[in-house]
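Notes follow once the structure below has been shown.
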Amino acid sequence: MPALLDVHPAAWPQLFVDMGVAAFHGRNAARWVFQRGAHGWEEMTDLPADLRQRLQQEHPLATAKLLASSGAHDGAEKVLLEMHDGATVEAVGMPGTAGRTICLSTQVGCPVRCKFCASGLDGLGRNLSQGEILEQALWLQRQQGPFHRVVIMGMGEAGFNLDAVLGALDVLMDEEGFGMSARRITLSTVGPQGALARIAAWGRPITLALSLHATTDELRQQLLPGVSKRGIVETLDEADDLFAANGREYTIEYVLLEGINDALTQATELADLLFQRRCHVNLIPYNTVEEMDYTCPSRLVMETFAQRLQERGLSVTLRRSLGRQTDAACGQLRRRQRPPTRTSTEV
Ligand code: SAH
């Protein structure tokens, strides 16, 4: 039998039948996990004790261990999880106006190796499974309480692990899973070959966040080496096709790097590229990564860049970054071995 969290909860009753017990125990177990936040079989007090014991031995529910959790003054809180094979991943919860937003990782490390991001420093370790992605949500919920939005913006490139990512999103959205609305889910990707078309075919109205970061193919390929064969216009056209399929305007993510992509001429080029596309621009101030030589432009430069886009009719936000104090902000998640900062709590 596969790990339970790798299986859609709608199929749990049959798995229980295959084990020789009644189907309703499977439905009940799914409710315990996704709606009541149970973390182990022993908590499911209305399942027969011998069944709980058997499940505990044969099919442990959670495979990840919580190594550390750390908080920042701005309310962002990170958890460091160790997977069954010793691989480590980080996930973050952040306060928002309507409730908490959780940010989940999709891979151990990242193969794209963006020049300004800590996640790809050691390349790709491996893909995370559907269950390992869901476990991050369960751990964050357990540590920090209920969440309202999910962003697939942690470590890893979702576009290279779509089976597991879309499977996890299906569970997040299903009534028998977390029962979330697709409108409260955002998936961030560099848009590798075939990924946006696959999300379009899947058809659920989640929001796409497309990491662009440059206005010429040459600069984009330098900054995002893992997308070397993809052209910007071709990628934007695919994002438009996704909009046509699921009706959701997409977000363009653009990390502002001083002296690299923050010139006013580049703002104009960006406006030209996005002219008449159904998107919103999210400008992200660069968050410091120790090993990297970039700097964040001044507030004035970033605001002037934003203003140029607005003058050209685009809807723009200059993102506030949560979690910077504890390296939990965009681009700061990495394959850590030890608890992240001195302010973290070891558990
Ligand atoms: N692999 C996905 C998710 C990455 S994290 C993707 O590339 O879209 C979400 C966003 O944070 C991406 O747009 C990413 O490029 C951006 N990011 C990476 N490093 C950053 C940094 N140091 N400062 C600010 N944003 C960063």
query = Placing +1 at every Lys and Arg Cβ and -1 at every Asp and Glu Cβ, with all other atoms neutral, what dipole size does the chain have around its Cα centre, in debye to the nearest 20?
reply = 560 debye
query = For region 263-269, what does the Karplus curve 6.51 cos²θ - 1.76 cosθ + 1.60, with θ = phi - 60°, yield as ³J(HN,Hα) per residue in whole Hz, taken in order and with x for Gly and Pro?
reply = 6, 4, 4, 6, 5, 5, 4
key: For region 4-58, Kirkwood radius (reciprocal of mean inverse C-alpha pair distance, Å)   = 11.1 Å
ask   = Which of the peptides 223-230, 41-48 is most tightly packed, and how do the rest follow, judged by the mean count of other Cβ atoms within 10 Å per residue?
value = 223-230, 41-48
task = Give the residue from 195, 178, 114 lying farthest towards the positive end of the charge dipole for the chain; charges sit on Cβ (+1 for Lys and Arg, -1 for Asp and Glu) and the dipole is referred to the Cα centre.
result = 178
query = So how tilted is helix 130-144 from the main axis of the chain? Cα-based, degrees 0 to 90, rounded to 10.
reply = 90 degrees
ask   = Taking residue 65 as the anchor, which lysines have their alpha carbon closer than 18 Å to its alpha carbon, excluding any fewer than eight residues away along the same chain?
value = 78
remark   = Phi angles of region 9-22, converted by Karplus (6.51 cos²θ - 1.76 cosθ + 1.60, θ = phi - 60°) into ³J(HN,Hα) in whole Hz with x for Gly and Pro, give x, 4, 9, 4, x, 5, 4, 5, 4, 4, 7, x, 10, 5
ask   = For residue 7, which sequence-distant residues (separation of 5 or more, or a different chain) have an amide H within less than 5 Å of its own amide H, given hydrogens modelled in the peptide plane?
value = none
message = Neighbour counts of other C-beta atoms within 10 Å: give me 300, 5, 138 arranged from fewest to most.
response = 300, 138, 5
query = From the phi of every residue in region 58-64, what ³J(HN,Hα) in whole Hz does the Karplus formula 6.51 cos²θ - 1.76 cosθ + 1.60 yield, where θ is phi - 60° and glycine or proline is x?
reply = 8, 9, x, 6, 9, 10, 8
inquiry  = Checking the a/c ratio against 1.5 first, then a/b against b/c, what shape does the Cα gyration tensor give for region 261-310?
reply    = prolate
query = Nearest 10 degrees, 0 to 90: what angle lies between the long axis of helix 162-173 and the longest principal axis of the chain (Cα atoms)?
reply = 70 degrees
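None of the figures in this text is laboratory data; all of them are computed from the coordinates on show. As the structure is a prediction and not an experimental result, all values here were calculated from the model. Positions of Cβ are backbone-derived with ideal geometry, glycine not excepted, and every protein chain shown enters the neighbour counts.
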